[in-house]
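Every number in this text was worked out from the coordinates using simple rules, so none of it is lab data. These numbers come from a predicted model, not from an experiment. As a convention, Cβ positions derive from the backbone with ideal geometry for all residues, glycine included, and neighbour counts pool all protein chains shown.
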Amino acid sequence: MMAPGFDATIGLPKGVPQPLFPTQLDFGDNRPYAVDRNGERFLVPLAPDPQVIAVMDWRALLPR
């Protein structure tokens, strides 16, 4: 997540964008984040989706 400086006298961004904080987002992820209503926080996924494992006939794995 990156942001440029801001010149309040003219109301425009200025300078080269600098990193705000590290994320696991890849360029071109189609904006998978959100900004809260007051603009003070970002909601960003921190880890990949958990893996789902389906076990068929799980009763056969139980001790007898």
Label points 7 Å out from Cα along the Cβ direction at M2 and R37: separation in nm? 3.2 nm
Loop-only check: which chymotrypsin sites (Phe, Trp or Tyr not before Pro) in the chain are DSSP coil with at most 15 other Cβ within 10 angstrom? F27, Y33
What distance in nm separates the simple spin-label points at Q18 and M56, each placed 7 Å from Cα in the Cβ direction? 5.7 nm
Would you mind telling me which residue in L46, L20, L12 has the biggest mean-square fluctuation in a Gaussian network model of the chain, where springs connect alpha carbons within a distance under 10 angstrom? L12
If you plug each phi of segment 11-20 into the Karplus form 6.51 cos²θ - 1.76 cosθ + 1.60 with θ = phi - 60°, what whole-Hz ³J(HN,Hα) values come out, in order, with x for Gly and Pro? x, 10, x, 9, x, 8, x, 10, x, 8
Hey, of [x] 77, 24, 18; [y] 35, 20, 17; [z] 40, 23, 18, which did the structure itself give for Cα extents along the principal axes in Å when calculated? [x]
